[in-house]
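The values are calculated or read from the model by the stated rules, or taken from the named source; none is laboratory data. Just so it is clear, the structure is predicted and the values come from calculations on it, not from any experiment. Using ideal geometry, Cβ is built from the backbone for each residue, glycine included, and neighbour counts are taken over all protein chains shown.
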Amino acid sequence: MLKVENLTVSIQNKIVVKDANFHIPTGETHVLFGLNGSGKTSLLQAIIGNPKFKIEEGRIIFKGKNITKMPINERAKLGIGIAFQSPPAIRGVKLRDILKICAKNDGERIISLARELDLEEFLDRDINLGFSGGEVKRAELLQLLAQNPDFILLDEPDSGVDLVNISLIGKAINKLLEKDKKQVERKKSALIITHTGHILDYVNADKGYVMIAGRVVCSGNPRDMLETIRRRGYEECVRCLRRY
């Protein structure tokens, strides 16, 4: 589904991602751990095609196609979707309006999806205006469900939300990623970035990575990695790097 090869990314002449390499097969969910400021969001912004993030070296391959220089709208058309960590409020644009675009004017589907995420009463409100942190996260997932992309980027879906919201978010992510199907039958893939790892209590991941100072430094079983991070902190990852 996605291959990131020797990717180095900068913003305002500062390198924020250094020589990143990984691949995500069709049907798999991968998770990227790291401290705030480690480069996780910058990596997602580069994959989605945010023009503020300049690719200095390397390339991004999606479904066998080199998308490194492709604009963000073309990447979306190919089947890449993203839920941002802190999306802006948009005055004058109703949530229903953007959902109509994502869902190709399927009004019944919009209502059904909004009901699942307990957002029916938000459909005719300006996007994210006056929403709580959990409501913003659910609205992001609602747009992704309406878009129904093949590859999903999730930026800190577990940050700043309570247990009720994270449960709803987890259910929405599992639906989006076809977790009710056997892995070989799934057509959706995802990269989830997280600082705390709480989302793994609700969504199973197939592989994990740790990012430190812009580098993807190791990979492995996400549950084992999270257990080590919870017990010993990210400092243990730094110590591990020094040893090897």
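Within the stretch 13-20, is there a residue that is out of contact with any strand residue (DSSP E or B) (no Cβ under 6 Å at 6 or more places or on another chain) and basic (K, R)? Scanning the stretch 13-20, I find at least one residue that is out of contact with any strand residue (DSSP E or B) (no Cβ under 6 Å at 6 or more places or on another chain) and basic (K, R), so the answer is yes. In the stretch 186-212, the residue that is surrounded by the fewest Cβ atoms within 10 Å (Cβ to Cβ) out of those that are more than 15 Å from L153 (Cα to Cα) and β-branched (V, I, T) is T196.
Can you pull out the residues in the stretch 171-201 that are over 15 Å from the mean Cα position of the chain (by Cα) and not in a helix (DSSP H, G or I)? Within the stretch 171-201, E178, K179, D180, K181, K182, R186, K187 qualify. State whether one or more residues within the stretch 63-80 are more than 22 Å from M225 (Cα to Cα), touching a residue at least 24 places away in the same chain (Cβ under 8 Å) and buried (at least 22 other Cβ atoms within 10 Å of the Cβ). Scanning the stretch 63-80 turns up at least one residue that is more than 22 Å from M225 (Cα to Cα), touching a residue at least 24 places away in the same chain (Cβ under 8 Å) and buried (at least 22 other Cβ atoms within 10 Å of the Cβ). Residue check: is S112 of a type in the set (G, A, S) and either crowded, with 21+ Cβ neighbours inside 10 Å or closer than 27 Å to V31 by Cα (or both)? Answer is no for this residue. Do we find a residue being part of a strand (DSSP E or B), surrounded by 17 or more Cβ atoms within 10 Å (Cβ to Cβ) and at pLDDT below 90 anywhere in the stretch 213-226? There is at least one residue in the stretch 213-226 that is part of a strand (DSSP E or B), surrounded by 17 or more Cβ atoms within 10 Å (Cβ to Cβ) and at pLDDT below 90. Number of residues in the stretch 1-23 that are crowded, with 19+ Cβ neighbours inside 10 Å and under 23 Å from K63 (Cβ atoms): the value is 7. Given the conditions (1) part of a helix (DSSP H, G or I); (2) closer than 14 Å to I48 by Cβ, which single one is not true for K137? Against the list (1) part of a helix (DSSP H, G or I); (2) closer than 14 Å to I48 by Cβ, K137 comes up short only on (2). Taking the stretch 141-170 as the search range and keeping residues that are closer than 17 Å to N128 by Cβ and either among the small types (G, A, S) or over 15 Å from the mean Cα position of the chain (by Cα) (or both), which one is modelled with the lowest pLDDT? Step by step, filter the stretch 141-170, then rank; the result is G160.
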